Structure formats: C-alpha cells, structure tokens
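One structure is given below, encoded as structure tokens.
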Amino acid sequence: MKDKNDISYLNKFMRGFTGIFVYLMLNLAIVPILTLIGINIVEVTREQGVFISLAVSFIVIVVLLLLSWKTLKKNWVDYKKNWKNLLSRNVKYWVCSLAIMFVANLAIAIIFNRLASANDETIIGIFDVAPLYIVIEAVILAPITEELVFRQSIRYIFKNKWVFIIISGLSFGFMHTLASLKSLADFLYIIPYSVPGCFFAYMLYEEDNVLVPISFHMIHNTLAMLVLIEGKLSGII
C-alpha cells in the first residue's frame, strides 16, 4: 500500500506534468495544429493572428487554473491577509534580478553589438501592429501563465529547493530564446531571462504562494511595457 505522502506527490507530479505538457503543446505545436484543421498560418490576417494568440493563452490559463485551483484558493486567502508583508519581503530579490539582468544585457550589447534579444525584437514588432494586444499579453496573461507553468508546475515536480530553482529559471530563460538560438549571443540571452526566473522560483519556494511571483512578474513586465511605450513616443525605439 502506497504511503499518503507518495500519493500526494504523485498527484502533484501529474498536475505539474500536465500543466507543462499543455503549455508546450499549444505554444510549440500551434502551427501544425492549425495546419491539421485547414488553417494556413501564413495567410491569417493580423486580427486573426491576435485572436488565435488570445485563444491559446485563454485555453492554457483555464487548464492551469483548474490544475491548481485548490492551491490558488489557499494562496489567495493568504495573499489578501498578508500581501504587504509578502511583497515587502521579496522586493529586494526583484530589484536584485533587475540589476543582474541589466549587467548581463549590457555585457552582451557591448561584446556582440546587440541592443535587444530576438524575443524583445519580436515584442517590439508586435507592438507596432497590435499594441493593445501585446500590453494585455505581457502585463496580464504572460505573468499568470508563465508563473503557473515555470514556477508552480515545476514546483509540483521537484521537491529539492535548488534543483527546482535552477530548472525553473533555466527553462524559463530557454523558452524565451528558443525561437532564435542561432548564435552565441542568442544563447547568452538565456542568462538575463533565466535570472528573474530563478528569483521568482526562490520567492515561490520561500513563501509557498505563487501569487507573489505573479505579482512581481506583472510589475516587471509593466515596467518593460512603459519603457517600450516611452521609447516609441520619444523615437528612441
């Protein structure tokens, strides 16, 4: 007869694995899936592309919320009561991640004469044609989805603190550079993307509340969007 702890871990493992699988399937296999149902991704309009992206994000979020519903309800109760303490205890880690990201991005820019990663360039390009969509995606949808996948789902799978933090951070960084791994600079951009992922994972492990990294991820992306908007308005970007 299996121990209750073993059964509990198996349940969490399956929830984590399912969340990651659904995320990967819908994001990495979206083009083959659309092709199978008769949609040529090359021929879709901008509006259709935005709708497809929002639909994928919505489906992924719904699945992830269902998988972690009990955990999220418990987290919400804790967050409502202690949000000031939860955020104040972890703001230093977010600031530290920003500093390390800045240094890493600056080093890559100086060595390889690259001012932005391919992922950042893609975001800027989407902003030019669908600014409202990219703001909603970056500020709301992505933080919720990515924290439930790269933090909560991976946390379900790995019990060890540092194994969880390292795998969570590196997988987060890898997914943000996956589409552009063509040069050494592209590989090195895994570092600045992995840094906040590791810090967000540390927050989750210490607080046992995924709403904490979700909050800082939203703040992080909001700041990035404000910088992008200011850059567009001033003509720098």
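Every read-out reported here was derived from the displayed coordinates using simple, explicitly stated rules and does not represent laboratory data. Fair warning: this is a prediction, and the values are worked out from it, not measured in the lab. Here the Cβ is made from the backbone with ideal geometry for all residues, glycine too, and neighbour counts use every protein chain on show.
Rounded to the nearest 0.05, what FRET efficiency do I61 and A179 give with R0 = 22 Å and r taken as the Cβ-Cβ distance? Could you check? Show your work: numbers first, answer last.
On the way: r = 21 Å, r/R0 = 0.97.
So, using R0 = 22 Å, E works out to roughly 0.55.
Taking neighbour counts of Cβ atoms within 10 Å as a proxy for exposure, in what order, fewest first, do R46, R151, R89, R15 appear?
Values: R46 11, R151 27, R89 14, R15 20.
Ordered from fewest to most neighbouring Cβ atoms within 10 Å, R46, R151, R89, R15 come out as R46, R89, R15, R151.
In sequence order, the range 33-47 has phi-based couplings of 5, 5, 5, 4, 9, x, 9, 8, 4, 5, 9, 6, 7, 4, 4 Hz under the Karplus curve 6.51 cos²θ - 1.76 cosθ + 1.60, θ = phi - 60°, and Gly or Pro positions carry x.
Comparing Cα centroids, the range 1-72 and the range 102-147 end up 22 angstrom apart.
A simple count of charges around H220, restricted to other residues whose Cβ falls under 12 Å of its Cβ and scoring Lys, Arg +1 and Asp, Glu -1, yields -2.
Note on the chain: helix-only mean residue ellipticity at 222 nm, from DSSP H runs of 4+ residues weighted -39500 (n - 2.57) and normalised by residue number, equals -26000 deg cm²/dmol. In this structure, the residue pairs whose Cα-Cα separation is over 26 Å, taken from K74/K159; K12/K161; K12/K84; K92/K232; K70/K92, are K12/K84; K92/K232; K70/K92.
V227 to L115: extension gain in nm, 0.36 nm per residue of separation minus the Cα-Cα distance? Don't jump to the answer; show the numbers that get you there.
Values: separation 112, 0.36 × 112 = 40.32 nm, distance 1.42 nm.
Length gained, V227 through L115: 38.9 nm.
With a 10 Å Cβ neighbour count serving as the proxy for reagent exposure, in which order, fewest first, do T18, T35 appear? Each step should come with its number before you reach the end.
Details: T18 16, T35 11.
Going from sparsest to densest Cβ surroundings: T35, T18.
Summing charges over all other residues whose Cβ lies under 14 Å from the Cβ of V77, with Lys and Arg as +1 and Asp and Glu as -1, gives +2. Using +1 at the C-beta of Lys and Arg and -1 at the C-beta of Asp and Glu, which of V212, V22, V63 has the Cα lying farthest in the positive direction of the dipole of the chain? Toward the positive end, the furthest listed residue is V212. Ordering S57, S88 from the fewest to the most neighbouring beta carbons within 10 Å gives S88, S57.
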